[in-house]
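Below: one structure, written as structure tokens.
The values are calculated or read from the model by the stated rules, or taken from the named source; none is laboratory data. Please read these numbers as outputs of a predicted model, since none were measured by experiment. Note that each Cβ is placed from the backbone with ideal geometry, even for glycine, and that neighbours are counted across all protein chains shown. Just the protein is used for accessible areas: all its heavy atoms, side chains included, with ligands, DNA and RNA removed. Shrake-Rupley method; radii C 1.70, N 1.55, O 1.52, S 1.80 Å.
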Amino acid sequence: MTDSDLFQTVQYVKKRDGSKEEVDFGKCQNRIRQLAQMSPPLNNINIMALVKKVINNIYDGIETKELDELAARISAEKNTFHPDYGTLASRIIVSNHHKNTSPSFSEVVQTLWDNYDLAGEHNPMIDKYFYDLVMQNKNKLNAHNTIDYTKDYNYTYFGFKTLERSYLLKKDGKVVERPQHMLMRVALAMYRDDVKEAIKVYRQMADGNLTPASPTLYNFGTKREQGSSCFLITVKEDSIGGIYETLKDCAYISKFAGGIGLAISNIRAEGSCIRGTNGKSDGILPMLKVYNETARYVNQSGKRKGSFAVYLEPWHADIEKFAVAKRNIGAETERARDLFYAIWCPDLFMERIRDNENWTLMCPDECPGLVDAYGDEFNELYKKYESEGRGRKTVKAQDLWRTIITTQIETGTPYICFKDAVNRKNNQKNLGTIHCSNLCAEIVEYSAPNQIATCNLSSVALPRCVEYKEYTEADNIIVYSKTDCQYCKYSKNLLNLHNIPFKEELLDDTTKRNKFFNNINSDLEDDAELITTVPQIFINNNRIGGFHELQKHLLPTYNFTKLQEITRVAVRNLNQVIDYNFYPIPECSYSNQLHRPIGVGVQGLADVFAMMRMPFDSVEARELNRRMAYHMYYAAV
């Protein structure tokens with residue numbers, strides 16, 4: 001196929017300035033080649049084939065920015081052939097974004113400030129304090145050595161597309177922020193007038209050492225700086241007022257990107273008496289359908305759908321309907337599929353399953369106190385109600401368990417969290433009984449009608465503390481090898497992989513080889529085993545050994561001092577988030593300011609094990625994991 005065949009129907013492309021230009025195969029090829037040759041160069045790209053596929057998919061009058069989008073998408077699709085294609089896709093899409101956005105941070109902030117709604121009213125997308133802060137320090141913030149836009153190329157194609165879709169601020173539907181702008185916005189919003197500290201924190205985030213939680217990235221610097229991630233709520237009261245007051249709270253929290261864990265074990269079961277009307281309760285399922293539609297309706301500022309995880313204890317009389325509420329089959333009136341479900345499980349239930357015994361279902365209105373009891377107190381109270389005949393229904397514990405497990409297999413939920421273990425071990429147990437976890441089931445906190453537990457999260461990138469020793473020409477690395485030796489090739493490939501310069505000495509000549517081995521064996525102890533194999537690697541005239549010894553020699557070390565430094569930054573950041581946070585409702589503010597809970601999480605643990613060549617289930621991996629947690633906790637405290 002000739003170039004002219006490719007362009008039979010495509011005459012021109014539309015440039016960013018609005019002008020038109022004839023399609024030029026060479027220009028497309030040069031652009032992709034330049035991006036592929038950025039450091040580090042991508043040597044496994046078939047540029048010609050990629051450009052031809054791009055040209056075959058364009059249409060007459062396509063804009064150059066769309067052409068870049070197309071090229072990036074096609075390259076990303078080829079990632080399964082070689083990872084270099086994924087890297088190229090990232091470079092194309094980021095380069096395109098840089099061409100479409102301003103390199104001036106203050107100019108971007110000005111654009112976000114100069115936003116007007118359809119009625120012509122000034123509707124800035126950022127807060128007044130933030131606008132003033134940036135304008136007062138714009139020379140410093142715009143300096144070429146402050147924000148490093150090359151860091152944008154560290155994002156993968158799909159990582160960047162996620163940022164573009166949900167995180168980067170838009171005006172009139174067009175993304176105006178770069179990823180580095182977002183990070184600087186968040187850092188400045190955390191530290192306000194301390195611009196010097198904000199720049200330090202920006203650099204930690206830009207280097208990929210840590211990242212704040214999604215709500216912090218979404219909202220800090222805007223008019224509603226809701227930066228907390230998780231909210232744990234107990235239905236305030238088993239009444240219409242309590243249920244709908246809680247629903248309103250959930251809607252407000254969800255509006256500002258908070259994930260919700262909702263405990264409903266205190267709500268009376270189906271058929272229970274409603275004393276105010278002499279009627280009968282319809283149970284929890286109709287209530288869940290109302291919460292389900294609220295989660296669908298409140299889509300978190302257009303960024304993502306509302307997300308509620310609902311927690312119920314397995315003794316509740318409505319547990320059988322609750323356990324299947326997310327299943328894909330069954331009557332629509334019996335399902336609420338957009339919620340997430342979780343079992344808040346006492347140990348007694350698991351013991352009854354183990355022993356294949358009966359399990360009694362009860363109503364919290366008729367059997368009060370079970371919600372707030374745990375451990376021995378719960379066991380005694382539960383058995384007391386059983387002996388008094390207060391139960392609604394008796395089932396085989398294993399039958400209920402099978403229903404739960406079947407739904408898990410089909411839908412991934414309900415989660416199972418253990419009530420007794422949580423309440424025995426939690427450092428908030430002095431406040432009262434903990435009734436649920438959060439949306440992701442990774443934190444547990446105390447909540448009550450007057451306080452909604454709020455958690456503030458950040459994540460540390462563990463691989464950033466893996467360090468390799470650097471070698472230069474001065475280290476005089478020599479690989480003594482033979483042309484047909486497989487392990488010699490492995491050794492050279494390993495050195496190239498780590499970009500380590502070396503020299504090669506071939507020992508194909510028998511005389512030369514014998515002389516080499518005679519020399520190195522002459523220095524051995526009398527009872528030492530003679531060295532007769534290649535490769536033999538020397539560093540600064542010191543013999544390392546063969547391929548396996550080289551592998552061990554090049555293994556990285558873990559920098560626990562750096563891990564502590566990153567953790568301290570994360571903790572300071574989270575305390576700033578608590579201080580400056582916008583709280584959707586007063587109960588959130590009360591709880592967060594009173595307890596100041598923070599969660600410093602980790603990412604990339606499996607990557608660390610792979611980089612350090614540790615089997616995931618090895619003693620060495622477990623010890624490294626333990627030491628990481630030790631250093632992080634010490635630094636956080």
Lysine pairs in region 215-364 with Cα atoms under 22 Å, if 8 or more residues apart or on separate chains:
20
Hey, got the Cα dimensions of region 291-429 along the principal axes, in Å, largest first?
50, 38, 27
Beta bridge orientation in the chain: antiparallel %, DSSP, nearest 5:
50 percent
With charges only on Cβ, +1 for K and R and -1 for D and E, what is the dipole size of the chain about its Cα centre, in debye, rounded to 20?
1000 debye
Kirkwood Rh over Cα pairs of region 416-477 into Stokes-Einstein at 4 °C, 1.567 mPa s: D in µm²/s?
84 µm²/s
With N set to the number of residues, divide the alpha-carbon radius of gyration of region 513-585 by 2.2 N^0.38 Å and report two decimals.
2.34
Is region 138-178 rounded, prolate or oblate when judged by the Cα gyration tensor, a ≥ b ≥ c being the square roots of its eigenvalues, rounded requiring a/c under 1.5 and prolate requiring a/b larger than b/c?
oblate
Just want the answer: with Cβ charges of +1 for Lys and Arg and -1 for Asp and Glu, which residue in Gln576, Leu312, Tyr59 is farthest toward the dipole's positive end in the chain?
Tyr59
From largest to smallest, what semi-axes in whole angstrom does the chain give when each is the square root of 5 times an eigenvalue of its alpha carbon gyration tensor?
53, 37, 26
Taking only Cα atoms, what is the 0 to 90° angle, nearest 10, from helix 25-36's long axis to the longest principal axis of the chain?
80 degrees
With every protein chain kept in place and ligands, DNA and RNA left out, what is the accessible area per residue of the chain? Probe 1.4 Å, answer in Å².
49 Å²
Along the dipole axis of region 34-122 (charges at Cβ: +1 for Lys and Arg, -1 for Asp and Glu; origin at the Cα centre), the most positive-end residue among His98, Asn46, Tyr116 is Asn46
How far is helix 240-255 tilted off the main Cα axis of the chain, in degrees rounded to 10, range 0 to 90?
10 degrees
Just how far, in whole angstrom, is region 373-395 from region 53-124 if you go by their alpha carbon centroids?
61 Å
Just the ratio, please: alpha-carbon radius of gyration of region 500-637 over 2.2 N^0.38 Å, N its number of residues.
1.83
Highest mean first, how do 224-232, 185-193, 370-378, 403-411 rank when packing is the count of other Cβ atoms within 10 Å averaged over residues?
224-232, 185-193, 370-378, 403-411
Would you kindly give the portion of the calculated P(r) for region 466-559 that falls above 24 Å, as a percent of all Cα pairs?
23 percent
Amide H to amide H, which residues 5 or more places from Glu63 or on other chains are under 5 Å from it, using H placed in the peptide plane?
Lys14
Ellipsoid semi-axes in whole angstrom, largest first, where each is sqrt(5λ) of the Cα gyration tensor of region 116-224
22, 19, 12
Pairing rule first: another cysteine's C-beta must sit under 4.7 Å. Under that rule, which cysteines of the chain stay single?
Cys28, Cys250, Cys273, Cys345, Cys363, Cys367, Cys417, Cys436, Cys440, Cys465, Cys588
Evaluated at q = 0.17 Å⁻¹: base-10 log I(q)/I(0), Debye formula over Cα of region 39-178
-0.99
At q = 0.13, 0.21 Å⁻¹, what is the base-10 log of I(q)/I(0) for region 51-95 according to the Debye formula with one equal point scatterer per Cα and no solvent? Please give it to two decimals.
-0.26, -0.63
Based solely on C-alpha atoms, express the radius of gyration and the Dmax of region 492-541 in angstrom.
13.1, 38
Here the equivalent ellipsoid of region 348-454, derived from its Cα gyration tensor, has semi-axes (largest first, whole Å) of 24, 20, 12
